[in-house]
Amino acid sequence: MASHILVTGGAGFIGSHLTRRLLDRGDRVTILDDFNDFYDPQRKRANIRRLGASADLRLVEGDIRDGELVDRLFAESGFDGVIHLAARAGVRPSLQEPILYEDVNCIGTLRLLEAARKHGPKLFTFGSSSSVYGINEKVPFAEDDEIIAPISPYATTKRTGELLCFNYHHLYDFRVSCLRFFTVYGPAQRPEMAIHKFTDLIARGESITLFGKGDTRRDYTYVDDIIDGIVASFDLAPGFEIFNLGGAETTSLSDLVGYIAKELGREPKIEYSPEQPGDVPITYADVSKAGRMLGYSPKVPIEEGIHRFVTWYREND
């Protein structure tokens, strides 16, 4: 049965892919997005244009911190569920603007939860981040690992969002999935993220900067796999669960650059700089819980994903 779903941040990278999937399966979607200038808002406008016109799609421009707007939107719309992806993203920018990150990511999430408490629905999917694991020494990271050492304001706000969601599950019987995304990439990826940025610089013959020795490792996850996990968790509608959504393999920074350069047919020019505060040495998802409960199984390995991304980049950027 089709649902009416609020997707916050639906004009962004992950949000626009999710909206496409929901529309394709027959759901109605309302997007709430403020088109802020963290990166060029025209990229988000282009994402919306690619979705096309549909009677099942409504766009509301506004800020999740705007209590009056959020309350009115929930009161009038009769949503069946919320998928909350809107956030100030990125570890390094959060070191420069920690108060903004706290305001958007924590107060904004609380505004949405409160509106849902007052008007419904009590079905809430929260986009969290692998950054909450911080300097976790045990790998791969599992959902029941103790979270005691997030090392950036961004990571802290995402963990706070998870705890707020648990409050509303415990106090008001919300059904909640908190999804810890591991370095999502693919067509329309944000331009400041490593894969997009490196692709752009290498394609233009410019040098790229690697922080550290190039041996940090990330669990890169292709966006289609992430969307599979989001939709499955929304449909499951558990009481309260946290799920890792990752690629379940790690790639070194140096190897990542090599894959991109090979796909572009260019020799990369590399400069090295000291490691950055807030960066972690490795991210690595244990996805066995998501596999067991959601049927989640990442299908796109990193080299295939880079091929798809570079193909998109050549056609669009």
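Take the residues in the stretch 238-261 that are modelled with pLDDT under 95 and among the charged types (D, E, K, R); name whichever of them is farthest from VAL82 (Cα to Cα). Once the filter is applied, the top-ranked residue is ASP255.
Tell me which strands (runs of 3 or more DSSP E) are completely within the stretch 207-297 and hold 3 or more residues being out of contact with any Cys (no Cβ under 8 Å at 6 or more places or on another chain) and touching a residue at least 40 places away in the same chain (Cβ under 8 Å), or say none if there are none. Steps first, please.
Details: elements: 207-211, 240-245, 269-273.
Here the list reads 207-211, 269-273.
Reported count of residues in the stretch 145-176, each being hydrophobic (A, V, I, L, M, F, W, C) and either assigned to a strand (DSSP E or B) or within 15 Å of the chain's Cα centre (by Cα) (or both), is 2. Restricted to the stretch 122-158, and to residues there that are surrounded by fewer than 21 Cβ atoms within 10 Å (Cβ to Cβ) and charged (D, E, K, R), the residue that is nearest to GLN276 (Cα to Cα) is GLU137.
Residues that are part of a helix (DSSP H, G or I) and of a type in the set (Lys, Arg) within the stretch 183-203 comprise just one, LYS197. Of the numbered criteria (1) surrounded by fewer than 23 Cβ atoms within 10 Å (Cβ to Cβ); (2) of a type in the set (A, V, I, L, M, F, W, C); (3) in contact with a strand residue (DSSP E or B) (Cβ under 8 Å, 6 or more places away or on another chain), the one LEU95 fails is (3).
What is the residue count in the stretch 224-248 for residues that are more than 18 Å from the chain's Cα centre (by Cα) and over 21 Å from GLY15 (Cα atoms)? Even if it seems obvious, please write down each step before you answer.
Going residue by residue through the stretch 224-248, those that are more than 18 Å from the chain's Cα centre (by Cα) are 235-240.
From what is left, the residues that are over 21 Å from GLY15 (Cα atoms) are 238-240.
Qualifying residue count for the region: 3.
Could you check the stretch 57-85 and list, in sequence order, the residues that are surrounded by fewer than 19 Cβ atoms within 10 Å (Cβ to Cβ) and free of Cβ contacts under 8 Å to residues at least 40 places away in the same chain? Within the stretch 57-85, ARG58, VAL60, GLU61, GLY62, GLU68, LEU69, ARG72, GLU76 qualify. Filtering ARG292, ARG266 for residues that are within 30 Å of ASP80 (Cα to Cα), over 21 Å from the mean Cα position of the chain (by Cα) and surrounded by fewer than 16 Cβ atoms within 10 Å (Cβ to Cβ) leaves a single hit, ARG292. Among the conditions (1) of a type outside the set (Gly, Ala, Ser); (2) at pLDDT 95 or above; (3) surrounded by fewer than 21 Cβ atoms within 10 Å (Cβ to Cβ), the only one that LEU112 does not satisfy is (3). Just one residue in the set ASP200, ASP215, ASP235, ASP225 is in contact with a Pro (Cβ under 9 Å, 6 or more places away or on another chain) and either among the small types (Gly, Ala, Ser) or within 28 Å of ILE83 (Cα to Cα) (or both); that residue is ASP225. Does LEU179 satisfy being over 14 Å from the mean Cα position of the chain (by Cα) and either at pLDDT 95 or above or part of a strand (DSSP E or B) (or both)? Taking the combined requirement at face value, the residue does not satisfy it. Picking from residues in the stretch 197-231 that are surrounded by fewer than 15 Cβ atoms within 10 Å (Cβ to Cβ) and of a type in the set (Ser, Thr, Tyr), the one that is nearest to LEU253 (Cα to Cα) is THR209.
The values are calculated or read from the model by the stated rules, or taken from the named source; none is laboratory data. No experiment lies behind these values; they were computed from the predicted model shown. Ideal geometry is used to build each Cβ from the backbone, glycine not excepted, and the neighbour counts take in all protein chains shown.
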